[in-house]
Amino acid sequence: MTFIMDLVNSDPRAVKIAQSTDQEGSVASLSVISGHEYLLGVYVKYSGKEILKVKLEAAERDLAPFMILPLTYDIDLHLVQ
């Protein structure tokens, strides 16, 4: 999830990785858990504020380029290792 935050914040290293992935034609993906954590973080940060809806919509756009992988046993094993 740090990668997504770095990319959204225009960290040069994250941008370079994203550009390389795009040029290779590789599929950028992340687990549903990472997507959930990102959206939850935005929700918690802006909860109770008028801007919440706008920030959640922006977060959804941030996640749109990624294939969201479902939680499977294999992914779960990888996450805990």
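Consider region 30-61. How many of its residues are among the hydroxyl-bearing types (S, T, Y) and either surrounded by fewer than 13 Cβ atoms within 10 Å (Cβ to Cβ) or modelled with pLDDT of 95 or more (or both)? Steps first, answer last, please.
Start the filter on region 30-61 by keeping residues that are among the hydroxyl-bearing types (S, T, Y), which leaves 31, 34, 38, 43, 46-47.
Going one step further and asking which of them are either surrounded by fewer than 13 Cβ atoms within 10 Å (Cβ to Cβ) or modelled with pLDDT of 95 or more (or both), we end up with 43, 46-47.
Count: 3.
Can you spot a residue in region 62-69 that is assigned to a helix (DSSP H, G or I), more than 9 Å from the chain's Cα centre (by Cα) and surrounded by 13 or more Cβ atoms within 10 Å (Cβ to Cβ)?
Among the residues of region 62-69, not one is assigned to a helix (DSSP H, G or I), more than 9 Å from the chain's Cα centre (by Cα) and surrounded by 13 or more Cβ atoms within 10 Å (Cβ to Cβ), which makes the answer no.
The values are calculated or read from the model by the stated rules, or taken from the named source; none is laboratory data. Values in this document were obtained by computation on a predicted structure and should not be read as measured data. FYI the Cβ positions are ideal-geometry reconstructions off the backbone, even for glycines, and counts take in every protein chain you see.
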